[in-house]
Amino acid sequence: MVMVSQENILPTHVKIVEMGPRDGLQNEKQPVSTEVKLELIKRLMDAGEKHIEATAFVSPKWVPQMADHNEIMQGLKTLDNTDDVMFPVLTPNLRGFEGALTGGAKEVAVFAAASESFSQKNINCSIAESIERFKPVMDAAKENNILVRGYVSCVLGCPFEGHIAPEKVAEVAKALYDLGCYEISLGDTIGTGTPSKAQAMIKEVAKYVPINHLACHFHDTYGQALANLYACLELGVSTIDSSVAGIGGCPYAPGATGNVATEDVIYMLNGLGIETGIDINKLVDAGVFISNELGRKPVSNAANAILTKR
Ligand code: HMG
Ligand code: MG
């Protein structure tokens with residue numbers, strides 16, 4: 001007998017948070033100039049992107065590629081038509097937050113992990129210490145009316161510890177939400193997750209954080225990101241982090257490749273009739289621009305298929 005499962009309802013609109021200029025470029029060994037980063041941001045905006053993570057106020061010794069954060073913030077002010085575009089930036093501590101505020105940021109992001117080992121490697125402190133560090137950031141953000149996103153890394157596996165319990169992910173997500181983060185982005189930092197694991201994790205987190213405040217941030221190392229995203233859309237997640245041309249990775253997550261490519265996500269969402277406001281052809285052009293700068297082809301099946309047909 002064939003069992004017919006209850007039909008899941010997909011969202012009608014998905015918010016895309018573009019990671020290319022930050023997560024995408026943070027791991028590149030070759031220098032990428034501020035001008036090229038700003039041109040990429042401009043092209044992503046031209047494609048209709050409204051949430052573009054622009055840079056990170058982290059130590060330039062830890063992540064040299066983000067050392068031009070002040071110049072990026074200055075450059076954003078020279079771009080046209082930015083009124084309805086958000087440019088979140090990473091701020092691991094109060095010093096980072098103050099830099100972001102001086103630069104004119106309206107949205108910042110703090111980042112924690114569901115794995116103790118990754119927390120130590122990435123931000124040099126324990127999970128509990130990181131939450132303490134974020135408290136003054138949250139207070140300052142509230143005082144200045146700045147939105148704060150919260151990331152949880154290693155939600156579907158850790159490069160050092162392997163399996164991570166969904167309960168641990170939920171605990172850290174809840175801590176960030178309780179601190180005042182308006183959106184919790186759940187990072188499969190090393191892309192090892194599979195759809196049923198992704199659903200189990202989301203179901204556990206959603207016990208504590210409403211599903212419409214959750215985002216999926218899946219790296220595509222094992223080619224599972226689209227399947228995992230679809231599984232999470234079925235549960236009602238409607239915010240997706242992705243990176244144009246699939247660029248990126250975390251310097252402190254050995255072996256991790258880029259976020260799922262924005263082009264692949266948009267192609268899938270278009271096929272599902274889910275609105276994003278993003279023009280896939282212009283997005284492909286933005287992906288070609290940055291891929292040419294990096295001297296390689298876009299890491300996106302959809303982008304390469306569209307380019308072949310042109
Ligand atoms: P620390 O060494 O523990 O802190 O670093 P510290 O306070 O002792 O400072 C050390 C040095 O950094 C000092 O400089 C400080 O001045 C400087 P020195 O005396 O050595 O010359 N410093 C700073 N410089 C610039 N901006 C700041 C700042 N704070 C201190 N805000 C710290 C702690 C967090 C700063 C460091 O560990 C760090 O910068 N880590 C960055 C890690 C990072 O950016 N990782 C990648 C992003 S996370 C990610 O990709 C995952 C995500 O995509 C989700 C997912 O995929 O899972 C979000
Ligand atoms: Mg990431």
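Would you point out the residue of the stretch 34-85, among those that are of a type in the set (A, V, I, L, M, F, W, C), in contact (Cβ under 8 Å) with a residue 60 or more places away in the chain and more than 16 Å from ligand 1 (Cβ to nearest atom), that is surrounded by the most Cβ atoms within 10 Å (Cβ to Cβ)?
Looking at residues that are of a type in the set (A, V, I, L, M, F, W, C), in contact (Cβ under 8 Å) with a residue 60 or more places away in the chain and more than 16 Å from ligand 1 (Cβ to nearest atom), I get 44.
Only one of (1) assigned to a strand (DSSP E or B); (2) in contact with a helix residue (DSSP H, G or I) (Cβ under 7 Å, 6 or more places away or on another chain) fails for residue 92. Which number is that?
It is condition (1) that residue 92 fails.
Against the definition (over 18 Å from residue 24 (Cβ atoms), away from ligand 1 (no atom under 12 Å from the Cβ) and in a helix (DSSP H, G or I)), how does residue 245 come out, yes or no?
No.
Looking at this structure, is residue 29 touching a residue at least 24 places away in the same chain (Cβ under 8 Å) and surrounded by fewer than 17 Cβ atoms within 10 Å (Cβ to Cβ)?
no
Inspect all residues belonging to the stretch 280-298 and state whether any of them is within 17 Å of the chain's Cα centre (by Cα), over 22 Å from residue 52 (Cα atoms), crowded, with 21+ Cβ neighbours inside 10 Å and not basic (Lys, Arg).
Within the stretch 280-298 (the criterion being within 17 Å of the chain's Cα centre (by Cα), over 22 Å from residue 52 (Cα atoms), crowded, with 21+ Cβ neighbours inside 10 Å and not basic (Lys, Arg)), the answer is no, since none of the residues qualifies.
May I ask you to list pairs of residues, at least six apart or on different chains, whose Cβ atoms are under 6 Å apart, with the first in the stretch 203-216 being at pLDDT 95 or above and the second being surrounded by fewer than 17 Cβ atoms within 10 Å (Cβ to Cβ)?
Close Cβ pairs satisfying both conditions: 208/174; 211/236.
Could you tell me how many of the residues in the stretch 102-126 are polar (S, T, N, Q), away from ligand 2 (no atom under 16 Å from the Cβ), in a helix (DSSP H, G or I) and farther than 15 Å from residue 91 by Cβ?
Of the residues in the stretch 102-126, 2 are polar (S, T, N, Q), away from ligand 2 (no atom under 16 Å from the Cβ), in a helix (DSSP H, G or I) and farther than 15 Å from residue 91 by Cβ.
Over 17 Å from the mean Cα position of the chain (by Cα), in a loop (DSSP other than H, G, I, E, B), within 26 Å of residue 159 (Cβ to Cβ) and within 16 Å of ligand 1 (Cβ to nearest atom): does that describe residue 254?
yes
Of everything in the stretch 139-152 that's crowded, with 20+ Cβ neighbours inside 10 Å and touching a helix residue (DSSP H, G or I) at 6+ places or on another chain (Cβ under 6 Å), which residue is farthest from residue 120 (Cα to Cα)?
Among residues in the stretch 139-152 that are crowded, with 20+ Cβ neighbours inside 10 Å and touching a helix residue (DSSP H, G or I) at 6+ places or on another chain (Cβ under 6 Å), the one farthest from residue 120 (Cα to Cα) is 148.
Residues in the stretch 225-236: is at least one small (Gly, Ala, Ser) and touching a strand residue (DSSP E or B) at 6+ places or on another chain (Cβ under 8 Å)?
Checked against the condition, which is being small (Gly, Ala, Ser) and touching a strand residue (DSSP E or B) at 6+ places or on another chain (Cβ under 8 Å), the stretch 225-236 yields at least one hit.
Do we find a residue being within 16 Å of ligand 1 (Cβ to nearest atom) and in contact with a Pro (Cβ under 9 Å, 6 or more places away or on another chain) anywhere in the stretch 260-275?
yes
The values are calculated or read from the model by the stated rules, or taken from the named source; none is laboratory data. Only a predicted model underlies this, so the values are computations on that prediction, with no experimental measurement involved. Don't worry about glycine lacking a Cβ; one is built from the backbone with ideal geometry, like all the others, and counts go over all protein chains shown.
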